[in-house]
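Below is one structure, written out as structure tokens; comments come after it.
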Amino acid sequence: MSCFEVYYDGGVKKMRPINSFKEYAAIRNSQKNRRNTKAARGGDSEAKKHMVQFCYSCLPNDDGTLKGTKRVSNSVGMDIDFTKDMPKKEFETAFEIMKDNILDNAEKLHLLMLERSATKGLHLVFERHPDLSQEKNLEWAQKLLGVEFDKGAKDITRVFFTPTADPKDLFFCKDELFVNEEGGGKKEEECGGKKVVSPNTAQPSELKERVGERLYNGLPYSHIVKEFLRQFNNGETPVEGNRNVMTFELAKALRSICDYNIDIMKQVIPRYDNFPEEEYTRTLQSALDEPRRGVSYKLQKVLEALYKNEKKMEGNVDFEAENELPPEMPKKLPYPLGLLSSKVPEMYKAAVCEAVFAPLSTYVHGVKFRYWDGVEHEPTFMSVLTAPMSIGKGCVRKPISIILDELVKRDESNRAREAEWKQKNPASKQKRDPRPSDICIQVLIDNLTDAVFNQRVYDADKNGQRYLYTSVDEIDTLKNITSRGSASEVSVIIRKAFDNSKHGQERVGSDSVTGIAPLRFNFNASTTNRNFQKFFAREMTTGTITRLSMSTIIKPNDVKRPVFKEYDSEYIDEVRKITQKLSSLSGEISCPNCNNFAEHLCNENEKLASLYGSDAYLVLSYRATVIAWLKGMMLYIINGEQWTEEIQNYMEWTLRYDLWVKMHVIGKMLEDAINEDSEMTSKKGPMNMLDLLKDEFKMEDLILVRRKLAKSVDTKLVKQQLITWRQRKLIEYDSFDGIIKKIKK
């Protein structure tokens, strides 16, 4: 079959393969595409031009270009339009009839995808009849469905402006759509100069594994199941007597958002009241065997209820109650994480995988990444492992040591040169030789003065925009990297390092260290939950904690004494290849897939924060997503700038995992601090926030201000604030959607 995203490279239209539904949905559900879809539906023809584009009927030329290709794929894209001036009610009736007609004929048609078009129409993709031309395939489908296809869309290079992946836009989609093959069913194709492995080489469970708490467009499946039972089983949990029929109804409703995959369905549909395993499996399979009709009416009602926040009206979902354990790490890890964690027992793998990003990125220099919001970042990772005492936090030491070995050896040479220069040029010498400018020491000890730390920062920048690094067994030890020895100074360094802000000092004396440069600083630190809370107790709302990457160790009840494997020469040689590759990179590196997925995760974060009713979750999620994106970019460049399903899975997991640790360690402290700040602001009167707005503004402007102040952006709260201001005669407006004006006194 065939699914390619269309993009522009220097004004030339090119194609990139989409290898999974998860990637497909993430692109369609990006914030930008949601905005453009809504605007296009409102009649904005320019917005339609900026919607994402896909092509289903062909493969690109060898250089990745779309224009002029003659390579047909195993699928055909078809466009069905309705009369533009058709009255609304008449159109809606005709649209539903045609949609149902297509779904009724899904098996005969060998349907792969069905969606609503940007405006009044339908797009569908079906399996190609290889003995027929493109036009003959369209005529065959036209005859089967009894409708005319758009004659302007008969070329194989036709692209489709594509709406969101929400159920109201995407009615049907099969996995087979993402097997990008030409004719004979090759496993690999050369696309745009890069080898792309078709996903049919993997097992379905590997393709569609959603790690941690499973989400569908930001909604946990557990909430979808609960809402289904609320609507269709009086909110009761199925028991013997109705568990068979309710499990069947649940499976029939949820199968379309479980990729029609029984392995996924088993993960999201509970086995109620000791339902025998074999009978439970047969019930799910029976539901799967029912004729496919896209998203069922019952599921639409459930999703509508959840998206309208009826769930939130009943009471917020408690984060800790809903997430007692951290999300499970993907079973199939992207390279090189599987290698780097291969020598430790299962319970330590997550801690090792999360810890290695800081030392690995210390080899990267002069490399920039640009986030989806346009802000430039460098690979900064300040990793904190927090777990109980004597649980084995030292598991990360050996992998870190092996990764850093090359840098440590280089530093030894530079330290020797620096010591020799100091010996030849004591402070008492009247005319001192200039300090060698190419001295650069990256791996720091944990006991420094301000002058030494500033010198290292300056040297690292002037010698190729390199990173400094340190590792400490207890986070409190970080206080020793400067002369002041305070937690507040460590917090300042963390904030500066994440943003690569300028750091250093200016001195008049000839013997003083003078230099200001961007602070590039990575570290690994270990601690316990209690020590972490004490260390950062005064930093809840300064943004320090949001800039950290956090992990933990959970010891299973039945685990035996852990046994570690030997770090052999093969392991060390492979690590060396990785660090050498990272050292050779330079310039700005981009990955549209990584950016699109990060934007999709931001949308999911906002929905989850709303479900949890948690300002803390939302505040933590902003930079947590940036950190997860940076990890995705690191994996992307290590894998030869190729985006894979495994990288995307890990990127999603590390975000949820990081947020889980933060919420369990400091979630309540942060929530209390946010509420305290909010109370202090409210005591000074509503004009505080009003002063940040122009004389005329819209509700969206107030939402942006609230977001900057780390306040809830729940629409009901925003509207209530506007109502309060109007009651106090501070503003006036006709509707929430219109212009709001300040009342001048």
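Sort through Glu646, Glu652 and tell me the only one that's farther than 24 Å from Ser614 by Cα, of a type in the set (Asp, Glu), modelled with pLDDT of 90 or more and surrounded by 17 or more Cβ atoms within 10 Å (Cβ to Cβ). After ruling out the rest, the residue left standing is Glu646. Exactly one residue out of Val472, Val457, Val408 is farther than 24 Å from Leu655 by Cβ, surrounded by fewer than 17 Cβ atoms within 10 Å (Cβ to Cβ), touching a strand residue (DSSP E or B) at 6+ places or on another chain (Cβ under 9 Å) and of a type outside the set (Lys, Arg): that is Val408. With respect to the conditions (1) part of a helix (DSSP H, G or I); (2) open to solvent by 10 Å² or more (accessible area, probe 1.4 Å); (3) in contact with a strand residue (DSSP E or B) (Cβ under 8 Å, 6 or more places away or on another chain), Asn33 lacks only one, and its number is (2).
Per-residue answers, yes or no, for (1) touching a residue at least 12 places away in the same chain (Cβ under 8 Å); (2) not charged (D, E, K, R):
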| position | (1), (2) |
| --- | --- |
| Asp573 | no, no |
| Arg576 | yes, no |
| Ala609 | yes, yes |
| Leu620 | yes, yes |
| Ala624 | yes, yes |
| Lys631 | yes, no |
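For region 453-486, the set of residues classified as among the hydrophobic types (A, V, I, L, M, F, W, C) and modelled with pLDDT of 90 or more consists of Phe453, Val457, Ala460, Leu468, Val472, Ile475, Leu478, listed by residue number. When Asn261, Asn274, Asn244 are screened for being surrounded by fewer than 20 Cβ atoms within 10 Å (Cβ to Cβ) and at pLDDT 90 or above, only Asn244 passes. Taking region 431-450 as the range and being open to solvent by 20 Å² or more (accessible area, probe 1.4 Å), over 16 Å from Phe521 (Cβ atoms) and of a type in the set (A, V, I, L, M) as the test, no residue passes.
Counting just the residues of region 39-68 that are among the polar types (S, T, N, Q) and either without any contact (Cβ under 8 Å) to a residue 24 or more places away in the chain or crowded, with 18+ Cβ neighbours inside 10 Å (or both), which one comes out farthest from Arg28 (Cα to Cα)?
Residue satisfying both the conditions and the ranking: Asn61.
Annotation: of all residues in region 1-30 being assigned to a helix (DSSP H, G or I) and either of a type in the set (Val, Ile, Thr) or under 16 Å from Leu114 (Cα atoms) (or both), the one that is most open to solvent (accessible area, probe 1.4 Å) is Phe21.
Matching residues to (1) at pLDDT 85 or above; (2) within 29 Å of the chain's Cα centre (by Cα):
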site: Glu23; (1), (2): no, yes
site: Lys49; (1), (2): yes, yes
site: Cys55; (1), (2): yes, yes
site: Thr65; (1), (2): yes, yes
site: Asn74; (1), (2): yes, no
site: Phe82; (1), (2): no, no
site: Glu90; (1), (2): no, no
site: Ala94; (1), (2): no, no
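The number of residues in region 361-393 that are more than 25 Å from the chain's Cα centre (by Cα) and free of Cβ contacts under 8 Å to residues at least 24 places away in the same chain comes to 1. Residues in region 447-462 that are polar (S, T, N, Q) and part of a helix (DSSP H, G or I) were compared, and the one that is nearest to Leu519 (Cα to Cα) is Asn454. With respect to (1) open to solvent by less than 10 Å² (accessible area, probe 1.4 Å); (2) assigned to a helix (DSSP H, G or I), the lone exception for Gln580 is condition (1).
The values are calculated or read from the model by the stated rules, or taken from the named source; none is laboratory data. The structure displayed is predicted, hence computed values, not measured ones. A quick note on method: Cβ atoms are made from the backbone with ideal geometry, for glycine too, and the neighbour counts reach across all protein chains shown. Just so you know, the surface numbers come from the protein's heavy atoms only, side chains and all, with ligands and any DNA or RNA stripped out. Shrake-Rupley method; radii C 1.70, N 1.55, O 1.52, S 1.80 Å.
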